[in-house]
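S.K.: Once you've had a glance at the structure underneath, I'll fire off some questions.
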Amino acid sequence: MKRITTPISEAVIRDLKVGDEVLLTGRVVLSRDIGHKYMVEHKPEWLKPLLAEAVIYHCGPVVAQHPDGHWSFVAAGPTTSIREEPYQADVLETYNVRGVIGKGGMGRKTSDALGKVGACYFHATGGAGALLAERVKRVVDVKMLEEFGSPEAFWIIEVEDFPLVVTMDSHGGSLHEEVASASQDRAKALMAQK
Amino acid sequence: MTSCPMPTLTPMATVEAKSVLPKDWFADLGQPETLDLTLAVTELIRRATSRMPQDIIEALVASRNGEAEGSRAANTLDTMLENITLADDHVAPLCQDTGTVIFWVRHPFGFSQLRIKEQIRSAVRECTSRSWLRPNCVEALSGKNPGNNMDPFGEGHPVIHFEEWAQPGIAVAVMLKGGGCENVGAQYRLPDAALGAGRDLGGVRKCVIDAVAKAQGQGCSPGILGVAIGGDRVTGYEKSKEVILRKLGTANPDPKLDAFERRLMEDVNSLGIGPMGYGGHTTALGVLVTEMFRHPASFFVSISYMCWSSRRMELRLDAGGRPSFR
């Protein structure tokens, strides 16, 4: 198990390989469908200092607002990442992001961008919403809450020991491609049986 | 290989103490017009969203013990089990995707479905405002979210199936069906030339293997597969969800299908997809199959994929109107 902390340097990322298990501490920005489209179409400047050498998380959390106005996360597991494939490479390059957290993996275009900018795709355990919310230590801010609604807003959070697996690294490796290829061969063999 | 301990959920006394139902609450089923299920259904959803059924926990533990110590598969299953304990302890949603909310209501003659529907809808709104359900019901085209889980166009969500039955009590089952796993469901029409699948159990087997291989980890594996053989396109898919209400570890009442389920479990768990698609021996926790009628010209195989976080719960009111949850 490796521990990494934001801001993350390129060297730390280049050292990570597919299959590594990681505990992440530091700043994470949540964004999913509407947010990714918005980042590519509007390239908002205010996001740059928030995202530089930090990590994007594909997640639509269940949140609670307390009487004094502050927010906390109740459940916050990953959503399926492939929906952001058209946008992710552009976002990685524009904002100098060091990692993307999600589930299910992403495509070739994103993989190429990970290599180019020096970033990793980190997989979180889907469905572990309560546990992952527990590792969110603080909700720092939320942007575009009115405009996008709570599951789609940019939530800026601090996490501690957030458990992740590197499933796409900055060297072109993808655990998803490896598992898909081997399992599809096995499926063919099974189907050939009587 | 060491084995992991069975997670302990909070004792029933604690669950009862946190209940939104008043102590000793019951419904007078002799006076159907007075029936109000709002609080009982609120409690049903509270438990469904935060408390994993015991059969699923046992299946996860058994799978964990079948994975090599220290492997990604074992660690991931440990994370899932830890999540189950935390959600129960905090009365928090097990998963932030609290899904499409689906009910099956069975009641005796004389009860108003209009009223029960309004009571269920009211319970769903209440659970959404309490953060037990995420607002998951949006306009199809614009994506606009009314924020209360109510269908903006009609009364399509929450989904409610009603059935009048000949028993004296009432049963309300709920399933929280996440979007990621719903997206990897599939429906096949046999014969299927590409798969080499004919109109028999061997053909059905190929459909299930194909669907699981295509799903990879994206439905949050290890999944539970509901398989309906037959029906039309609508009833087949409906039945493939309903069959997921069956407890894991219970035998299929049809011995031929029971043997088929066991073989399919071996098949899909040999694919190597593993928990979350990281590789491993655990790709499915269960395969649940049912046979239906069909039109002579059609042979559909409908497959619903339920994520490992199989959130389902049933409220029963016995003949005396006393509630229990199972």
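S.K.: Out of the residues in region A:29-48 that are over 13 Å from B:Gly143 (Cβ atoms) and not in a helix (DSSP H, G or I), state the one that is nearest to the other protein chains (Cβ to nearest Cβ).
M.R.: It comes out as A:Leu30.
S.K.: What are the residues in region B:120-178 that are surrounded by fewer than 13 Cβ atoms within 10 Å (Cβ to Cβ) and basic (Lys, Arg), if any?
M.R.: Within region B:120-178, just B:Lys144 meets the criteria.
S.K.: Can you name the residue in region B:186-201 that is part of a strand (DSSP E or B) and more than 9 Å from chain A (Cβ to nearest Cβ) and is also surrounded by the fewest Cβ atoms within 10 Å (Cβ to Cβ) among such residues?
M.R.: B:Arg189
S.K.: For the subset of region B:212-223 comprising residues that are more than 7 Å from chain A (Cβ to nearest Cβ) and under 18 Å from the mean Cα position of the chain (by Cα), which member is surrounded by the most Cβ atoms within 10 Å (Cβ to Cβ)?
M.R.: Taking the candidates together, the pick is B:Ser221.
S.K.: Going by what's in this entry, would A:Ser170 be described as touching a strand residue (DSSP E or B) at 6+ places or on another chain (Cβ under 9 Å), more than 13 Å from chain B (Cβ to nearest Cβ) and part of a loop (DSSP other than H, G, I, E, B)?
M.R.: Taking the combined requirement at face value, the residue satisfies it.
S.K.: Could you figure out which of (1) more than 8 Å from chain A (Cβ to nearest Cβ); (2) within 15 Å of B:Tyr237 (Cα to Cα) isn't true of B:Asn183?
M.R.: For B:Asn183, the exception is condition (1).
S.K.: Between residues in region B:159-180 that are closer than 11 Å to B:His107 by Cα and residues that are aliphatic (A, V, I, L, M) and in a helix (DSSP H, G or I), which pairs lie under 8 Å by C-beta distance while being six or more apart or on different chains?
M.R.: B:Phe162/B:Ile116; B:Val172/B:Ala40; B:Val172/B:Val41; B:Val172/B:Leu44; B:Val172/B:Ile120
S.K.: Within region A:116-139, track down each residue that is within 15 Å of A:Leu16 (Cα to Cα) and surrounded by 24 or more Cβ atoms within 10 Å (Cβ to Cβ).
M.R.: A:Ala119, A:Cys120, A:Tyr121, A:Phe122, A:His123
S.K.: Still on this structure: Can you tell me how many residues in region B:65-116 are charged (D, E, K, R) and either assigned by TED's automatic domain parsing to the domain that holds B:Cys137 or surrounded by 21 or more Cβ atoms within 10 Å (Cβ to Cβ) (or both)?
M.R.: 6
S.K.: While we're here: Of these, B:Gln31, B:Gln54, which one is of a type outside the set (Ser, Thr, Tyr) and loosely packed, with under 14 Cβ neighbours inside 10 Å?
M.R.: Among B:Gln31, B:Gln54, only B:Gln31 is of a type outside the set (Ser, Thr, Tyr) and loosely packed, with under 14 Cβ neighbours inside 10 Å.
S.K.: Starting from region B:21-42, keep only residues that are farther than 23 Å from B:Ser129 by Cβ, then list their pairs with residues that are not β-branched (Val, Ile, Thr) and not in a loop (DSSP other than H, G, I, E, B) whose Cβ atoms are within a distance under 8 Å, requiring at least 6 positions of separation or different chains.
M.R.: Taking only residues 6 or more apart or on different chains, the pairs are B:Lys23/B:Glu16; B:Phe26/B:Leu317; B:Phe26/B:Pro323; B:Ala27/B:Ala40; B:Ala27/B:Leu317; B:Ala27/B:Pro323; B:Leu29/B:Leu317; B:Leu35/B:Arg115.
S.K.: Assess whether A:Gly149 counts as being at pLDDT below 95, within 14 Å of chain B (Cβ to nearest Cβ), surrounded by fewer than 19 Cβ atoms within 10 Å (Cβ to Cβ) and on the phi > 0 side of the Ramachandran plot.
M.R.: Numbers: at pLDDT below 95: yes; within 14 Å of chain B (Cβ to nearest Cβ): yes; surrounded by fewer than 19 Cβ atoms within 10 Å (Cβ to Cβ): yes; on the phi > 0 side of the Ramachandran plot: yes.
So A:Gly149 fits the description; yes.
S.K.: Identify, please: which residue in region A:123-144 is among the hydrophobic types (A, V, I, L, M, F, W, C) and within 12 Å of chain B (Cβ to nearest Cβ) and is, among those, nearest to A:Val28 (Cα to Cα)?
M.R.: Filtering region A:123-144 for residues that are among the hydrophobic types (A, V, I, L, M, F, W, C) and within 12 Å of chain B (Cβ to nearest Cβ), the one nearest to A:Val28 (Cα to Cα) comes out as A:Val136.
S.K.: I've got another one for you. Being under 19 Å from B:His107 (Cβ atoms) and surrounded by 20 or more Cβ atoms within 10 Å (Cβ to Cβ) is the filter here, so list the residues in region B:39-51 that pass it.
M.R.: Residues satisfying the conditions are B:Ala40, B:Val41, B:Thr42, B:Glu43, B:Leu44, B:Ile45.
S.K.: Of everything in region B:263-281, what is more than 10 Å from chain A (Cβ to nearest Cβ) and within 18 Å of A:Glu177 (Cα to Cα)? Give them in sequence order.
M.R.: Within region B:263-281, B:His281 is the sole residue that qualifies.
S.K.: Could you tell me which of the residues B:Val138, B:Val105, B:Val204, B:Val174 is closer than 30 Å to B:Ala259 by Cβ and either out of contact with any Gly (no Cβ under 9 Å at 6 or more places or on another chain) or assigned to a loop (DSSP other than H, G, I, E, B) (or both)?
M.R.: Of B:Val138, B:Val105, B:Val204, B:Val174, the one residue that is closer than 30 Å to B:Ala259 by Cβ and either out of contact with any Gly (no Cβ under 9 Å at 6 or more places or on another chain) or assigned to a loop (DSSP other than H, G, I, E, B) (or both) is B:Val204.
S.K.: Which number in (1) under 21 Å from the mean Cα position of the chain (by Cα); (2) under 20 Å from B:Ala17 (Cα atoms); (3) within 13 Å of chain A (Cβ to nearest Cβ) marks the one condition that B:Thr42 misses?
M.R.: Looking at each condition in turn, B:Thr42 falls short on (3).
S.K.: Which residues, taken from region B:292-326, are loosely packed, with under 15 Cβ neighbours inside 10 Å and either within 14 Å of chain A (Cβ to nearest Cβ) or among the small types (Gly, Ala, Ser) (or both)?
M.R.: B:Ala297, B:Ser298, B:Ala319, B:Gly320, B:Ser324
S.K.: List the strands (runs of 3 or more DSSP E) that sit entirely inside region A:49-95 and contain at least 2 residues that are away from chain B (no Cβ under 14 Å).
M.R.: Strands (runs of 3 or more DSSP E) meeting the threshold: A:55-57.
S.K.: Separate question: Given the structure, is B:Arg46 modelled with pLDDT of 95 or more and either assigned to a loop (DSSP other than H, G, I, E, B) or more than 27 Å from A:Asp20 (Cα to Cα) (or both)?
M.R.: On the way: modelled with pLDDT of 95 or more: yes; either assigned to a loop (DSSP other than H, G, I, E, B) or more than 27 Å from A:Asp20 (Cα to Cα) (or both): yes.
Answer is yes for this residue.
S.K.: Kindly indicate whether any position in region A:7-19 is modelled with pLDDT under 95 and within 14 Å of another protein chain (Cβ to nearest Cβ).
M.R.: yes
S.K.: Let me ask something additional. Among the candidates A:Val139, A:Val165, single out the residue that is among the β-branched types (Val, Ile, Thr) and within 16 Å of the chain's Cα centre (by Cα).
M.R.: Values: A:Val139 fails: within 16 Å of the chain's Cα centre (by Cα).
One residue alone meets the criteria, A:Val165.
S.K.: Okay, next question. Output yes when any residue across region B:237-257 is buried (at least 22 other Cβ atoms within 10 Å of the Cβ), more than 14 Å from every other protein chain (Cβ to nearest Cβ) and farther than 18 Å from B:Ser310 by Cα, and no when none is.
M.R.: So far as region B:237-257 goes, no, none of its residues is buried (at least 22 other Cβ atoms within 10 Å of the Cβ), more than 14 Å from every other protein chain (Cβ to nearest Cβ) and farther than 18 Å from B:Ser310 by Cα.
S.K.: Any idea how many residues of region A:173-189 are more than 7 Å from chain B (Cβ to nearest Cβ) and out of contact with any strand residue (DSSP E or B) (no Cβ under 6 Å at 6 or more places or on another chain)?
M.R.: Within region A:173-189, the subset more than 7 Å from chain B (Cβ to nearest Cβ) is A:173-174, A:177-178, A:181, A:185, A:188-189.
Those left that are additionally out of contact with any strand residue (DSSP E or B) (no Cβ under 6 Å at 6 or more places or on another chain): A:173, A:177-178, A:181, A:185, A:188-189.
Qualifying residue count, region A:173-189: 7.
S.K.: Whether any residue in region B:122-129 is farther than 15 Å from B:Leu176 by Cβ and either outside the structural domain of B:Val159 (by TED's automatic domain parsing) or not in a helix (DSSP H, G or I) (or both) is what I want to check.
M.R.: no
The values are calculated or read from the model by the stated rules, or taken from the named source; none is laboratory data. The structure presented is a predicted model; accordingly, all values stated were derived computationally and were not measured. Heads up, the Cβs are rebuilt from the backbone with ideal geometry, glycines too, and the neighbour counts pull from every protein chain shown.
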